[in-house]
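The structure under discussion appears below in the form of structure tokens.
Bear in mind these aren't lab numbers, they're just calculated from the coordinates by the rules spelled out. What you are looking at is a predicted structure, and each value in this text was computed from that prediction instead of being measured. Cβ sites come from the backbone with ideal geometry, for glycine too, and all protein chains shown count toward neighbours.
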Amino acid sequence: MMMALYGGLIIGLAAALLMIFNGRIMGISGIAGTFVNMIFTPSARRAQAGEFGWRAMFLLGMIAGGVLLSKFSKVFTEASMVATDPVTLIVAGLLVGVGTRLGWGCTSGHGICGIARFSGRSIIATVIFIAAGMAAVAVANALIRTAGGN
């Protein structure tokens, strides 16, 4: 319970610092999407000078944080995953990415930063995210039970 509290405080602090020092919302899909666009479109990188570096460091920090957490914590070993097949995980990740672009944001942008700014669009998006997650878990549990799992 305390680890979740500390994690939430750190995420909130990071979102606040990014807004204060860069004037940017900490939406991971937007940060990552723009970064990938800059990699493949040199004109986009030139048009947004100064954006590439902080986005690269932000994404590198997220990856490094996950790697360090997996090395020094039992969080990942205690979590259960529905699928571990690399192809399934890649396809699932791509679908999440497409969904966040279609929804004009992700849980970090809408759920953390948008709700903190009292954005009606973000509140609606977050309710939809939570409902879709609940539906996905219900469907997955039903499929597991039907297949003879727990």
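Overview of values
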| quantity | calculated |
| --- | --- |
| Ranked by how many other beta carbons lie within 10 Å on average, peptides 18-27, 84-93 from highest | 18-27, 84-93 |
| Region 11-150: relative contact order as a whole-number percent, Cα under 8 Å and 6+ apart | 27 |
| Listed peptides 59-71, 97-109 by packing density, highest first (mean Cβ within 10 Å) | 97-109, 59-71 |
| Distance between modelled label sites at LEU17 and ALA64, nm, 7 Å Cα→Cβ extension | 1.2 |
